[in-house]
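K.L.:
Before we start, here is the structure in question, set down as structure tokens.
The values are calculated or read from the model by the stated rules, or taken from the named source; none is laboratory data. Because the structure is predicted, anything quoted here is derived from the model rather than measured. Neighbour counts are summed over all protein chains in view; Cβ atoms, including those assigned to glycine, are modelled from backbone coordinates with ideal geometry.
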Amino acid sequence: MVKAQWKLFEQSCVDTKDLIDIPEYHIPMSAYHIPKVQYTFREVISGLHFIAHASERSLLFSELFIDVVLSHLKASGVSFPKGARIQSDNGSEFIGFWQARHDSAFTQTVQSFKGIKHTTTPPKAHIWQADVETAHRLIEDEFYRIETFSSHSHLCKRQPGMRITSTLPDLIPTSKIKLQSSTDVIQPFILKLLPCRHSTLIISGNLNLKTISKGGTILFRIAKF
């Protein structure tokens, strides 16, 4: 299907970006132990995207990330159109073991939201993720290579403004965001999901997941019960 014919939120892409190979970012990353990986969700029609940071690529982190983003969108009044899909590549952080006989935890989380499916790109078909890859390149050139960081909280405070002004400049001044028809609107708090870091998780015993909001940053913790 031609991209121009897609409805808003009909297709969104999820991807990860290694930050360790950015020279300007590597120094503060080593000195202040700030995250090595960025997780990105990007809606391809509007350019809206959300990001998280983590110490590594992980199926569990991907599952947590997509759950937070889709829950936020649902709570913000987004109505996903028929055939809505979340596209990723075939990285293990999304599909798990490549010979697995069952859907990964990431796929199951996506498809637990009614009407949304998880699809993957064909092997080596990098152009299928071109939209989010382009966004990654812009973020690297205009943010990670320019800004300086002294802590993860500092990184999170700098990033929301960059994200919003670079992707949705025409939507910020309005009281509501128009969607595909005059009756479809989203309140502007859809933009207020701040960058979040997936904290280190220790998986053992009988565990239950909790989320804790602290200082505008979403921190994920595993709590034993």
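K.L.:
Please go through segment 101-130 and pick out each residue that is under 25 Å from L19 (Cβ atoms), part of a helix (DSSP H, G or I) and out of contact with any Pro (no Cβ under 9 Å at 6 or more places or on another chain).
P.N.:
Scanning segment 101-130 gives A105, F106, T109, V110, H126, I127, Q129, A130.
K.L.:
Could you say which residue among T119, T107 is crowded, with 18+ Cβ neighbours inside 10 Å and at pLDDT 90 or above?
P.N.:
T107
K.L.:
Count, please, the residues in segment 79-89 that happen to be part of a loop (DSSP other than H, G, I, E, B) and either free of Cβ contacts under 8 Å to residues at least 12 places away in the same chain or not hydroxyl-bearing (S, T, Y) (or both).
P.N.:
Result for segment 79-89: 6.
K.L.:
Every residue in segment 23-67 that is among the small types (G, A, S), over 13 Å from the mean Cα position of the chain (by Cα) and either modelled with pLDDT of 90 or more or not in a helix (DSSP H, G or I) (or both), please.
P.N.:
S46, S55, S58
K.L.:
Give the residues of segment 75-96 that are charged (D, E, K, R) and within 18 Å of the chain's Cα centre (by Cα), sorted by residue number.
P.N.:
Result: R85, D89, E93.
K.L.:
If I go through segment 92-104 residue by residue, how many of them are crowded, with 20+ Cβ neighbours inside 10 Å and among the acidic types (D, E)?
P.N.:
1
K.L.:
Select from segment 1-55 the residues that are polar (S, T, N, Q) and in contact with a Phe, Trp or Tyr (Cβ under 8 Å, 6 or more places away or on another chain) and write down the one among them that is surrounded by the fewest Cβ atoms within 10 Å (Cβ to Cβ).
P.N.:
T40
K.L.:
Still on this structure, please answer the following. Would you check if there is a residue in segment 165-174 being modelled with pLDDT under 65, farther than 29 Å from H33 by Cα, surrounded by 11 or more Cβ atoms within 10 Å (Cβ to Cβ) and of a type in the set (D, E, K, R)?
P.N.:
no
K.L.:
Let me ask something else about it. So E133 fits all but one of (1) surrounded by 12 or more Cβ atoms within 10 Å (Cβ to Cβ); (2) assigned to a loop (DSSP other than H, G, I, E, B); what number is the exception?
P.N.:
If we test E133 against (1) surrounded by 12 or more Cβ atoms within 10 Å (Cβ to Cβ); (2) assigned to a loop (DSSP other than H, G, I, E, B), just (2) comes out false.
K.L.:
Between residues in segment 106-119 that are without any contact (Cβ under 8 Å) to a residue 12 or more places away in the chain and residues that are surrounded by fewer than 15 Cβ atoms within 10 Å (Cβ to Cβ), which pairs lie under 7 Å by C-beta distance while being six or more apart or on different chains?
P.N.:
Short answer, once both residue conditions are applied: Q111/K117.
K.L.:
Another one. Among the residues of segment 69-78, is there at least one that is within 22 Å of S153 (Cβ to Cβ), part of a loop (DSSP other than H, G, I, E, B), touching a strand residue (DSSP E or B) at 6+ places or on another chain (Cβ under 6 Å) and of a type outside the set (D, E, K, R)?
P.N.:
no
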